[in-house]
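The values are calculated or read from the model by the stated rules, or taken from the named source; none is laboratory data. All of these numbers come straight from a predicted model, not from anything done at the bench. So basically every Cβ, Gly included, is an ideal-geometry build from the backbone, and we count neighbours across all protein chains shown.
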Amino acid sequence: MRVDTLTVYGWFRELVRSRIPSNPNIIHVTEASGCLRKAFYDRVAPAPALDVTNVVVTIGNGIHHQLQALLLRKGWEAEVSVKFRTKVIELVGHADLVAPDGTVVEIKTVNEVPQEPYQPHVMQVNAYLNMLNSREGYIVYIGRDGKVRTFMVRSSKVLFHKLLKRAHHLHYSLINNEPPKPEKSPLCSYCPYRWRCFR
């Protein structure tokens, strides 16, 4: 059997094959907390991920699994499913780690550890706090250079309502097949849809 670069990239494509929901009434926390326009295109016209991106995602997943396995042995819960229903949508997600006292931890592997947390990540952790009735959570950034930085997030009802409003906006966009407005951020340079937003 011949194993070349294309063979290995194919393995990584299989590892990260995503399962994007088709039901517009189900909105993921990561969709509502991130760029709504990207979430819209991920659903209606998904772009194939670059092979290099698949490798990077798999490395991040490996770090997640290793830390989750360690903390499961210490009484933590991993990949905790959360749901919140409104009259129109169901907001769903998975918290990376939840401590026995309810503390939520979200792990993010990044090229470079940021000085301040990214707002979509704050909104994501805050959503999990509200959906789990927890008071405190942490974003743990793990740099590919080995540096680590943590940021505390305290539960905020105001921020949670902002996320719900964004989730409803995405639902409206999906139902009406109208892409949301672009949301410029430092993450745009990594987005496969950037050419549709800023011409």
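Please work out if R166 is out of contact with any His (no Cβ under 9 Å at 6 or more places or on another chain), charged (D, E, K, R) and crowded, with 17+ Cβ neighbours inside 10 Å. So R166 passes the test.
Inside the range 85-95, can you point out the residues that are within 18 Å of A69 (Cβ to Cβ) and buried (at least 21 other Cβ atoms within 10 Å of the Cβ)? Scanning the range 85-95 gives a single hit, A95. Remark: S81 falls outside the filter, which requires a residue to be modelled with pLDDT under 80, small (G, A, S) and out of contact with any Lys or Arg (no Cβ under 8 Å at 6 or more places or on another chain). Can you pull out the residues in the range 135-147 that are under 19 Å from the mean Cα position of the chain (by Cα) and either surrounded by fewer than 13 Cβ atoms within 10 Å (Cβ to Cβ) or of a type outside the set (A, V, I, L, M) (or both)? E136, G137, Y138, Y141, G143, R144 - these are the residues of the range 135-147 that are under 19 Å from the mean Cα position of the chain (by Cα) and either surrounded by fewer than 13 Cβ atoms within 10 Å (Cβ to Cβ) or of a type outside the set (A, V, I, L, M) (or both). Filtering the range 169-193 to residues that are surrounded by fewer than 17 Cβ atoms within 10 Å (Cβ to Cβ), assigned to a helix (DSSP H, G or I), of a type outside the set (A, V, I, L, M, F, W, C) and at pLDDT 85 or above leaves H169, Y172, N176.
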